[in-house]
Amino acid sequence: VDVTDLELPEILATDTVLCVGESTTLVAQHPTTNDFKWSTGETTASITVTPQVTTLYKVEAKMIGDCIVTDTTTIYVNDLPKPAFMASPTEIFVENGVGTVTCNDLSQETYTLLWNFGDFESNTNIVQDVSNPTHDYIRAGYYTITLTATDDNGCIDSVKNRVSVTVP
(Lines give C-alpha, C1' and ligand atoms only; values in the text may rest on other atoms or scores of the structure.)
Protein backbone atom coordinates (compact mmCIF):
# COMPACT_ATOMS: atom_id res chain seq x y z
CA VAL A 1 0.00 0.00 0.00
CA ASP A 2 1.35 3.38 -1.03
CA VAL A 3 0.51 6.18 1.36
CA THR A 4 0.81 9.70 0.02
CA ASP A 5 2.05 12.33 2.44
CA LEU A 6 -0.51 15.11 2.40
CA GLU A 7 0.96 18.45 1.52
CA LEU A 8 -1.45 21.34 1.74
CA PRO A 9 -1.72 23.98 -0.95
CA GLU A 10 -1.20 27.62 -0.07
CA ILE A 11 -3.12 30.63 -1.37
CA LEU A 12 -1.18 33.85 -1.80
CA ALA A 13 -3.13 37.09 -2.33
CA THR A 14 -1.87 40.43 -3.60
CA ASP A 15 -4.37 42.09 -1.21
CA THR A 16 -6.71 40.59 1.37
CA VAL A 17 -8.52 43.84 2.21
CA LEU A 18 -10.23 45.71 -0.62
CA CYS A 19 -12.72 48.46 -1.29
CA VAL A 20 -15.86 47.70 -3.30
CA GLY A 21 -14.91 47.52 -6.98
CA GLU A 22 -11.24 46.65 -6.45
CA SER A 23 -9.61 43.41 -7.60
CA THR A 24 -6.98 41.10 -6.18
CA THR A 25 -5.07 38.15 -7.58
CA LEU A 26 -5.08 34.81 -5.78
CA VAL A 27 -2.28 32.35 -6.53
CA ALA A 28 -2.39 28.69 -5.50
CA GLN A 29 0.91 26.98 -4.76
CA HIS A 30 1.61 23.32 -4.09
CA PRO A 31 4.97 21.52 -4.06
CA THR A 32 3.92 18.51 -6.20
CA THR A 33 0.91 19.44 -8.36
CA ASN A 34 -0.54 22.13 -10.60
CA ASP A 35 -3.99 20.50 -10.70
CA PHE A 36 -6.17 23.11 -8.96
CA LYS A 37 -9.88 23.81 -8.68
CA TRP A 38 -11.16 27.04 -7.11
CA SER A 39 -14.51 27.61 -5.42
CA THR A 40 -15.21 29.94 -8.38
CA GLY A 41 -14.95 26.96 -10.76
CA GLU A 42 -11.67 28.08 -12.33
CA THR A 43 -8.88 25.53 -12.74
CA THR A 44 -5.81 27.72 -13.18
CA ALA A 45 -3.16 28.33 -10.52
CA SER A 46 -3.89 32.07 -10.54
CA ILE A 47 -7.24 33.87 -10.55
CA THR A 48 -8.27 37.51 -10.32
CA VAL A 49 -11.36 38.26 -8.26
CA THR A 50 -13.45 41.39 -7.69
CA PRO A 51 -15.71 40.53 -4.76
CA GLN A 52 -18.48 42.98 -3.82
CA VAL A 53 -18.73 41.63 -0.26
CA THR A 54 -16.34 39.81 2.08
CA THR A 55 -15.84 36.39 0.47
CA LEU A 56 -14.18 33.10 1.40
CA TYR A 57 -12.22 31.51 -1.46
CA LYS A 58 -11.23 27.85 -1.47
CA VAL A 59 -8.75 26.01 -3.66
CA GLU A 60 -8.46 22.25 -4.02
CA ALA A 61 -5.23 20.61 -5.15
CA LYS A 62 -5.37 17.09 -6.57
CA MET A 63 -2.32 15.07 -5.57
CA ILE A 64 -0.98 11.74 -6.80
CA GLY A 65 -3.46 9.02 -5.89
CA ASP A 66 -6.38 11.44 -6.33
CA CYS A 67 -6.01 12.83 -2.83
CA ILE A 68 -7.66 16.24 -2.54
CA VAL A 69 -6.17 18.82 -0.20
CA THR A 70 -7.55 22.34 0.33
CA ASP A 71 -6.72 25.82 1.53
CA THR A 72 -8.97 28.83 2.06
CA THR A 73 -8.51 32.57 2.33
CA THR A 74 -10.91 35.38 3.08
CA ILE A 75 -10.92 38.59 1.07
CA TYR A 76 -12.42 41.39 3.16
CA VAL A 77 -14.36 44.10 1.31
CA ASN A 78 -15.01 47.57 2.75
CA ASP A 79 -17.91 49.72 1.56
CA LEU A 80 -17.16 52.93 -0.30
CA PRO A 81 -17.66 56.24 1.47
CA LYS A 82 -20.91 58.04 0.73
CA PRO A 83 -20.08 61.70 0.17
CA ALA A 84 -22.94 64.16 -0.22
CA PHE A 85 -23.16 67.92 -0.50
CA MET A 86 -25.40 70.78 -1.48
CA ALA A 87 -24.19 73.76 -3.51
CA SER A 88 -26.00 77.04 -2.92
CA PRO A 89 -26.93 78.80 -5.03
CA THR A 90 -26.87 76.58 -8.12
CA GLU A 91 -27.59 79.57 -10.37
CA ILE A 92 -24.95 82.15 -9.59
CA PHE A 93 -25.21 85.74 -10.78
CA VAL A 94 -21.88 87.57 -10.79
CA GLU A 95 -22.16 90.94 -9.08
CA ASN A 96 -19.22 93.33 -8.72
CA GLY A 97 -17.01 90.85 -10.58
CA VAL A 98 -17.58 87.87 -8.27
CA GLY A 99 -20.24 85.18 -7.86
CA THR A 100 -19.92 83.06 -4.75
CA VAL A 101 -21.12 79.50 -4.18
CA THR A 102 -21.21 77.85 -0.76
CA CYS A 103 -20.95 74.06 -0.51
CA ASN A 104 -22.29 72.27 2.55
CA ASP A 105 -20.95 68.79 3.28
CA LEU A 106 -23.93 66.50 3.98
CA SER A 107 -21.92 63.29 4.38
CA GLN A 108 -23.07 61.13 7.27
CA GLU A 109 -19.54 60.07 8.23
CA THR A 110 -16.22 61.82 8.77
CA TYR A 111 -14.02 61.59 5.69
CA THR A 112 -10.98 63.27 4.24
CA LEU A 113 -12.54 65.69 1.77
CA LEU A 114 -11.24 67.06 -1.51
CA TRP A 115 -13.28 69.69 -3.35
CA ASN A 116 -12.81 70.50 -7.04
CA PHE A 117 -14.86 73.51 -8.19
CA GLY A 118 -14.34 72.85 -11.90
CA ASP A 119 -12.92 76.37 -12.29
CA PHE A 120 -9.55 75.54 -13.83
CA GLU A 121 -8.52 79.19 -14.24
CA SER A 122 -8.78 79.79 -10.50
CA ASN A 123 -5.91 79.49 -8.01
CA THR A 124 -8.38 78.10 -5.44
CA ASN A 125 -10.00 75.43 -7.66
CA ILE A 126 -8.95 72.62 -5.28
CA VAL A 127 -9.71 72.78 -1.56
CA GLN A 128 -8.86 70.00 0.89
CA ASP A 129 -10.15 69.11 4.38
CA VAL A 130 -12.76 71.89 4.58
CA SER A 131 -16.33 70.87 5.42
CA ASN A 132 -18.21 73.86 4.03
CA PRO A 133 -16.05 75.77 1.54
CA THR A 134 -16.97 78.74 -0.61
CA HIS A 135 -15.69 79.50 -4.09
CA ASP A 136 -15.77 82.68 -6.14
CA TYR A 137 -16.49 82.44 -9.86
CA ILE A 138 -15.72 85.34 -12.20
CA ARG A 139 -16.47 83.82 -15.63
CA ALA A 140 -19.81 82.73 -17.06
CA GLY A 141 -20.40 79.05 -17.73
CA TYR A 142 -21.49 75.73 -16.32
CA TYR A 143 -19.19 74.28 -13.67
CA THR A 144 -19.16 70.80 -12.16
CA ILE A 145 -18.26 70.75 -8.48
CA THR A 146 -16.84 67.40 -7.34
CA LEU A 147 -16.53 66.26 -3.73
CA THR A 148 -14.16 63.30 -3.31
CA ALA A 149 -14.24 61.49 0.05
CA THR A 150 -11.61 59.09 1.40
CA ASP A 151 -12.44 57.00 4.47
CA ASP A 152 -10.14 55.51 7.11
CA ASN A 153 -9.77 52.31 5.02
CA GLY A 154 -8.46 54.27 2.04
CA CYS A 155 -11.68 53.72 0.07
CA ILE A 156 -12.57 56.59 -2.26
CA ASP A 157 -15.78 57.77 -3.90
CA SER A 158 -17.05 61.07 -5.25
CA VAL A 159 -20.24 62.96 -6.01
CA LYS A 160 -20.85 65.87 -8.39
CA ASN A 161 -23.19 68.86 -8.62
CA ARG A 162 -23.44 71.39 -11.42
CA VAL A 163 -23.75 75.16 -11.07
CA SER A 164 -24.49 77.82 -13.63
CA VAL A 165 -22.66 81.16 -13.54
CA THR A 166 -24.07 84.21 -15.34
CA VAL A 167 -22.08 87.39 -15.91
CA PRO A 168 -24.11 90.46 -16.94
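The values are calculated or read from the model by the stated rules, or taken from the named source; none is laboratory data. For clarity, every value in this text was computed on a predicted model and none was experimentally measured. Note that each Cβ is placed from the backbone with ideal geometry, even for glycine, and that neighbours are counted across all protein chains shown. These area figures cover heavy atoms from the full protein model, side chains too; ligands, DNA and RNA do not enter into them. Shrake-Rupley method; radii C 1.70, N 1.55, O 1.52, S 1.80 Å.
Straight-line cross-link partners of Lys37 among the lysines, defined as a Cα under 28 Å from its Cα and at least 8 positions apart when in the same chain: Lys58, Lys62.
Evaluated at q = 0.12, 0.25 Å⁻¹, the base-10 log of the normalised Debye intensity for the range 115-168, with identical point scatterers placed on the Cα atoms, takes the values -0.31, -1.04. In this structure, Ala140 and Met86 have a Cβ-Cβ separation that, at R0 = 30 Å, corresponds to a calculated FRET efficiency of about 0.85. Modelled this way, with points 7 Å down the Cα-to-C-beta line, the labels at Glu121 and Thr100 are 2.1 nm from one another. Accessible surface area normalised per residue over the range 13-168 is 58 Å², counting heavy atoms of protein chains with a 1.4 Å rolling probe.
Considering only the other residues whose Cβ falls under 12 Å of the Cβ of Ile11, what net charge follows from Lys and Arg at +1 and Asp and Glu at -1?
Numbers: positive: Lys58; negative: Glu10, Glu60, Asp71.
Neighbourhood net charge equals -2.
Full-extension gain between Asn78 and Val130, please, as 0.36 nm times their residue separation minus the C-alpha to C-alpha distance. Walk me through the numbers on the way to the answer.
Working: separation 52, 0.36 × 52 = 18.72 nm, distance 2.45 nm.
Working it through step by step, the gained length comes to 16.3 nm.
Charge tally around Ser88: other residues with Cβ under 15 Å, Lys/Arg +1 each, Asp/Glu -1 each, net -2. Computed from label points 7 Å out along Cα-Cβ, the spacing between Ile64 and Glu7 is 1.0 nm.
How much length would be gained if the chain were fully extended between Arg162 and Thr54, taking 0.36 nm per residue of separation minus their Cα-Cα distance, in nm to one decimal?
Details: separation 108, 0.36 × 108 = 38.88 nm, distance 3.51 nm.
Additional length available on full extension: 35.4 nm.
Each residue of the range 87-104 was assigned a 3J(HN,Hα) from its phi angle through the Karplus expression (A = 6.51, B = -1.76, C = 1.60, θ = phi - 60°), giving 9, 9, x, 8, 10, 9, 10, 6, 10, 6, x, 9, x, 9, 10, 10, 10, 10 Hz with x at Gly and Pro.
Within the listed set Cys155, Cys19, Cys67, the residue fluctuating most in the Gaussian network model of the chain (springs between alpha-carbon atoms under 10 angstrom) is Cys67. The Cα atoms of the chain define a convex hull whose projected area, averaged across directions, is 12.8 nm².
Qualifying GluC sites (Glu not before Pro) in the range 58-114, where qualification requires a DSSP coil assignment and no more than 16 other C-beta atoms within 10 Å, comprise Glu109. DSSP beta bridges fully contained in the chain are about 90 percent antiparallel.
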